[in-house]
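Right, one structure below, let's go through it.
The values are calculated or read from the model by the stated rules, or taken from the named source; none is laboratory data. Just so we're clear, the structure is a prediction, and the values are computed from it rather than from any experiment. Positions of Cβ are backbone-derived with ideal geometry, glycine not excepted, and every protein chain shown enters the neighbour counts. SASA here: full protein model, heavy atoms, side chains in, ligands and nucleic acids out. Shrake-Rupley method; radii C 1.70, N 1.55, O 1.52, S 1.80 Å.
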Amino acid sequence: MRNLQTTFFGVILVLLLTAIPGFSHAQNSKLFSFKSGDITLKQALAEIEKETGMTFSYNPEILPLTEIVSLNFENSSLTNVLNVLFNPVKIDYKISGKQIILKKSKEKEKEQTETDGNVSVYGYIRDSKTGEILIGVNVYDPVTYRGTTSNSYGYYSITLPSGNKSIRYSMLGYSISDQKLELTKDIRKDIQLTESGIDMQAVEVLSEKEIPGMEIATTGEINLTANALKRMAGFAGNTDVLKTLQMVPGISAFGDGSAFYFVRGGTQDQNLLMIDDAPVFNPAHLFGFFTAIAPDAVKDVKAYKGDFPASFGGRLSSVIDIRARDGNMNKIGFSGNLGIYTSDLTLEGPVIKEKSSFIFSGRKSNLNWLNNNPENGRSFTIDFFDLNAKLNFKINNNNRLFFTFFTGKDDFSRITNGTVKTFGIDWDNTTATLRWNHIFNPRLFSNTTWAGSRYNYYLYISRQEDDYWKSSIETSTIKTDFTWYHESAHTIRFGAELALYRSNPGNVHFSDEETQRFAPWVPHYKSLAANFYISDEIILTDNLQLRAGLRFSSWRNLGETNVYLYDESHQVYDTITVAKGSYYSPYYNLEPRLNLVWNISKSINWSAGYSRTAQYLQMLSNSVSPFTSLEVWAPSGPNILPQKADQVTSGFLFKLPDNVSFSADVFFKKLHNQIDYADHANMLYNPLIEGELRYGFANAHGVELLLRRTEGRVAGWIGYTWSKVSKQIDGINNNQPFPAFYDRPHSFLANIIFQAGKRLDISANWCYLSGQAFTSPVSFMQYNGYVVPVYGSKHNDRLPDYHRLDVSFSLRLNKPERRYNHTLVLAIYNLYGRSNPFNIGFNKIMNSNGDFVVPSDMNGNYEIIPTQLSVAGIIPSVNYTFKFR
């Protein structure tokens, strides 16, 4: 009986399979007669549609619609009619249901290329009002859908067969521009795009480009424009680059009052943040509540969570590439913000109209009204500022210069009534960049950059006496990057970089010369890095794109210095003196990068990638405080091996109706030569600091989900991340794996922007993070009358889960067409007043009420501090923003 059923269903299946082509063949075998004589091809198509009931689907630019054809057929099949019509003009057709799809044959494309040759269309793309260059504009041929993307300097080059072409320029937030060109030779075409007036963009994941030939990207790449940033809720009414990125799956914040962020299992020092190619080593103001980059100075932000291109290196986990605004090339304008916490002002305009421009943006804190505490006779100084400046000069059509300058400083001081009159901490960043763009020919573009950066950190012992501990790091880099637009389906990038690093791992300065003479000296570091890279972006087919790259990195340390060598018990067994001009401990690494994108359909995209990265510079700090820690930067050398990471990623992107998309990514990362610290490590003012380090490896893996909507009255995204990060370090936790302190398995993030009216925008951020790992006592014991905690495995416990809601209301006070725009912004940070602890103490005493507390501040009046410490409660703010254009 079972065999009979199997046979029956087998026969039915065969009949169905044979019926499908038979049904299609039935339409094709039907005979038709046409007696229209000599008519145009366009008229012939209309006659065929009328007679057969079929519909033609085609791009009119690929057909000679005005050409005269003969439509005289007697009892001919449809395929015969189509063959006679289209074979001579080399057009392929495909019958799909009731549609006949027409496209240029591959033979014709090849012939046209060989006969007519290829020509290039190239130039710069700018904003029509401000003259600012536009980054990431899609440039493509709407017939073949081959194209490119404008680079970080607004330059593009597209190579097409000669002939009459239409080229399309499109970018979210700008009106589409179609340019009809007769291509007989290379043509320079500078384009100006006009804002569309409706910009509901939230965050653009670059993998959503639908046009083959656009910059190859994955869902691990995130792009933020200045307009997108301005619409999002920030701290104290200020838009903030880092705070916004920390609301994206895969980028995890430490918590309140911290600039630390962790990307796919990496530590905080494994992230590289740059302003116009210059690294910023501490991008924080006020311990991380503000980012040290003025919002009005930012034009574009691109963040890579993994699989970053071969042109980037030196860090294991992420690159955040911030491009500063160039300034208005056409007319003078200003903008600013007045708030109770910060105020800023930006001035911009042309130096020579359409030839050069400037922009100056400054920001200053307004926090000293929080200073005084008359009850205990103490006061604080809480102050910060930053300044951004940029000049650009168009020398001629093929050469352009840019100069960028950034500086920022923080000062936190405390004046007490104790014996120590003043103490505090300071830190400052300064960067400068000089860049030269040069067009060798339409297909070869270069950018040569010099970039310098310096970061200083001060811990003041006494401000009156000018006694302090100081660490610092500075770098000077020269590099050249080339882009060769070989053809529309093939772009090659290559370049070289040379960088000099100097680091002071921390020394003490005393104003008293006698005291200074006996102070120990911690040797400085000096290192040289030389890097080379090449990458190739290839369109393999209409649906398959490949980016393959290779980076060669090298590192060597330079004398004059003393090098300490340690044995297996981490004790010094030898000291080597390196002469000035000599080098030691060279390292060389090859870092392959591979990324594949498969457009399965118009609505489904799959990508996969592998990357190896190497890092030769690390921040040594065993602090898990949310505040800025004592930062010591040290290079790889005889005791510290270069950190390395291997990461494999894969992800799907689904485009849904109504400007909605959903992406899902998985990642696996193995990190080698990871650093941890001995118990009770001495990290401050220690010439033998490298002996406090312990080494091992880390594993990270996770899943990232993102649902987002880019346009409409309601826009934004909802994201979720599940991830695990574990370490295994020799000499730590009995050599057994343990969770990293930043391991937070669950992260739920929501960023919503609602256009409540023509003038009112409401935005809200809500985040939920699993509590961070920490080590808690497993018991307590009595010893000589003291209660002593007993600890078990490392990071055996977790702090309470972190969650917070921020809201912002933005009311525009003017009509859209006015040159003077001004807005009132009301923001509330931590709306429902969640107390998110960052520390739990177990060195307890009992107060008179029977509560366990931690004694604190023994220098001044005796204070009792709760054992669970949080940073922020509800923080409201009101800001007035203005702009004259």
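Annotations
- Equivalent-ellipsoid semi-axes for segment 248-376 (Cα gyration tensor, √(5λ), whole Å, largest first): 28, 27, 10.
- A straight Cα-to-Cα reach below 27 Å connects Lys331 with the lysines Lys129, Lys189, Lys230, Lys299, Lys353, Lys355, Lys364, Lys390, Lys394, Lys815, Lys883, residues fewer than 8 places away in its own chain not being considered.
- The lysines whose alpha-carbon is closer than 26 Å to the alpha-carbon of Lys526, local same-chain residues fewer than 8 away aside, are Lys409, Lys470, Lys479, Lys580, Lys644.
- In segment 35-103, the alpha-carbon atoms span a convex hull of 79 Å³ per residue.
- Sparse packing (at most 10 other Cβ atoms within 10 Å of the Cβ) combined with a DSSP loop state is found for the following GluC sites (Glu not before Pro) in segment 483-586: Glu568.
- Rg to Rh quotient for segment 643-748, alpha carbon positions, Kirkwood Rh: 1.18
- Cα-based values for segment 671-812, radius of gyration first and Dmax second, are 22.0, 72 Å.
- Over 15 Å [Cα-Cα, segment 115-158], rounded percent: 47 percent
- Within segment 150-194, trypsin sites (Lys or Arg not before Pro) in DSSP loop having at most 10 other beta-carbon neighbours inside 10 Å: Lys185
- Under 18 Å of direct C-alpha separation, and excluding same-chain neighbours fewer than eight residues apart, Lys103 reaches these lysines: Lys42, Lys90, Lys94, Lys165, Lys602.
- For segment 581-726, the Kirkwood estimate of the hydrodynamic radius, built from every pair of different alpha carbons, is 18.8 Å.
- Among the chymotrypsin sites (Phe, Trp or Tyr not before Pro) in segment 491-523, those placed in a DSSP loop whose Cβ has at most 10 other Cβ atoms within 10 Å are Phe518, Trp521.
- Assuming charge only on the beta carbon of Lys and Arg (+1) and of Asp and Glu (-1), the dipole of segment 765-824 about its Cα centre is about 480 debye to the nearest 20.
- Over the C-alpha trace of segment 417-488, radius of gyration and Dmax come out as 22.3, 73 angstrom.
- Stokes-Einstein D in µm²/s, Kirkwood radius over Cα pairs - segment 698-766 at 37 °C with 0.692 mPa s viscosity: 222 µm²/s
- Averaged over its residues, segment 237-316 has an accessible area of 14 Å² per residue, based on protein heavy atoms and a 1.4 Å probe.
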